[in-house]
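The structure appears right after this line, and notes come after that.
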Amino acid sequence: MKKNRGSFFFLLMLFFSAELFATTYEWSAEISRQKAYKNEPIYVHYTCTFSDRAELYAIEFNPSGEYEKFRVQNLKESQSIVDGKRIYSYEFVVFGKSAGEIEIAFEALMKLTNKDSIEDMVIGRDNMKKEEVKKTLFKQEVFKLLVEETNSTLVGNFTLDVKKHKPSVKAYEPYHLEIKIQGDGNLEAIEPLKFEIDGVKIFAEDVVLNQHLTKEAQSGVWSQKFAFVAEKSFSIPKREIEYFDLKTKKIEKLVFDAVDVKVVGDFAKEELLDKEVHEREFRFDTSYLYYLLAFVAGFFVGKIKRKKSPQTKSNDNFLQKVKDAKSLDALMVLLVVEDTAKYGELIKDIEQERITSLGSAKKYAQKLHLV
């Protein structure tokens, strides 16, 4: 293979310079505090400064993860060149998991590409080998930290906000409630809330947690939505969430006071069908399914005591509603209200667009109805 003479002489100059002016580096580290409470954030910053642009160096350094006595989260990683010197910066946040003394000791892997590898890449050789790298473990400065007990897994500064439905609802109409907790702290430690109320069907959404990390704190918002469906008036019980307040240095409580819900009047099943099917023409969004089910599931809570029409009349009624449905969305709502178990597969087929023809869906619904 013919060698590139220009590259060859450049390589010789590079090697000669490397011998006289070998790249050196220096690590430094800082920690924001050496005493903290359990789950209180501790900022740690590591910096590696090279003597030049350090083109042949690479660093592997990522201590984030779970350890026996603490956990580490990445905050920021960056590199820059200042006055011809390459600088790597690594920022982390450490959280103590248990009281007592913990030791923070990490290692960085320094990787230097060697001369043979450079010659293979720049000059080119017929017997070119895999890139060869010299690896060296660098032990970072050791930090000893005292972690103090809090007697609570939830630590930080928080506020509670409750969004409530109007004070009264009709029978089988859902009473909506949203509980929102926001502030600085380990919000992920808050367990989903649960309610059990006799005679009340309760629908609880999954917890929604939005967080972001800074040097000083882990901030965010925790929220959970509920729908309560009942035939008679009821009370939603009080709930308390304990946490260790970093400002007062003691246990505080977030209190959700009991709510008395007055149930008045009544809905006929036919009224609900008319409201959902005939009065509203909309594109069905699966995000509304939760509320829709909450809205209609109340019919089965108290086993509604109504004088039933003859079976044949009921059948004719339902078949007529299927026939009159003007869209797949309206038909799906009708099927949900009528019998989610019986028409579940058809509902799913429509929702996931496996069935896109209104005529085909109506025929399928009629066939299932007669089974």
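Results, tabulated for the structure shown:
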{"quantity": "Residue within the range 174-194 that is at pLDDT below 95, small (Gly, Ala, Ser) and either surrounded by fewer than 19 Cβ atoms within 10 Å (Cβ to Cβ) or assigned to a strand (DSSP E or B) (or both) present", "calculated": "no"}
{"quantity": "Of all residues in the range 196-246 being at pLDDT below 95 and basic (Lys, Arg), the one that is nearest to Ser168 (Cα to Cα)", "calculated": "Lys232"}
{"quantity": "Within the range 51-89, tally of residues that are open to solvent by less than 50 Å² (accessible area, probe 1.4 Å) and more than 28 Å from Glu40 (Cα to Cα)", "calculated": "8"}
{"quantity": "Subset of the range 235-256 (residues that are over 16 Å from Pro41 (Cβ atoms) and of a type in the set (A, V, I, L, M, F, W, C))", "calculated": "Ile236, Ile241, Ile251, Leu254, Val255, Phe256"}
{"quantity": "Single residue of Asp184, Asp206, Asp245, Asp257 found to be within 30 Å of Glu77 (Cβ to Cβ) and not hydroxyl-bearing (Ser, Thr, Tyr)", "calculated": "Asp184"}
{"quantity": "Of residues in the range 35-50 being under 19 Å from Ala105 (Cβ atoms) and hydroxyl-bearing (Ser, Thr, Tyr), the one least open to solvent (accessible area, probe 1.4 Å)", "calculated": "Tyr46"}
{"quantity": "Pairs where the first residue, in the range 251-263, is in contact (Cβ under 8 Å) with a residue 12 or more places away in the chain and the second is among the basic types (Lys, Arg) and assigned to a strand (DSSP E or B), C-beta under 8 Å, 6+ apart", "calculated": "Val255/Arg239; Phe256/Arg239; Val259/Lys164; Val263/Lys170"}
{"quantity": "All positions within the range 58-86 that are in contact with a Ser or Thr (Cβ under 7 Å, 6 or more places away or on another chain) and under 14 Å from Ala29 (Cβ atoms)", "calculated": "Val72"}
{"quantity": "Residue match in the range 49-60 (condition: closer than 25 Å to Gly185 by Cβ, modelled with pLDDT of 95 or more and not basic (Lys, Arg))", "calculated": "no"}
{"quantity": "Positions within the range 333-371 being outside any helix (DSSP H, G or I) and open to solvent by less than 20 Å² (accessible area, probe 1.4 Å), in sequence order", "calculated": "Tyr343"}
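Let's see how each residue does on (1) modelled with pLDDT under 95; (2) touching a strand residue (DSSP E or B) at 6+ places or on another chain (Cβ under 9 Å):
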| residue | (1), (2) |
| --- | --- |
| Asn74 | no, yes |
| Val82 | no, yes |
| Lys85 | no, yes |
| Lys115 | yes, no |
| Glu119 | yes, no |
| Lys134 | yes, yes |
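The values are calculated or read from the model by the stated rules, or taken from the named source; none is laboratory data. Please read all numbers here as calculations on a predicted model, not as lab measurements. Here Cβ is always computed from backbone atoms with ideal geometry, including for glycine, and neighbour counts include all displayed protein chains. Side chains are part of the model used for accessible areas, which takes the heavy atoms of the whole protein and leaves out ligands, DNA and RNA. Shrake-Rupley method; radii C 1.70, N 1.55, O 1.52, S 1.80 Å.
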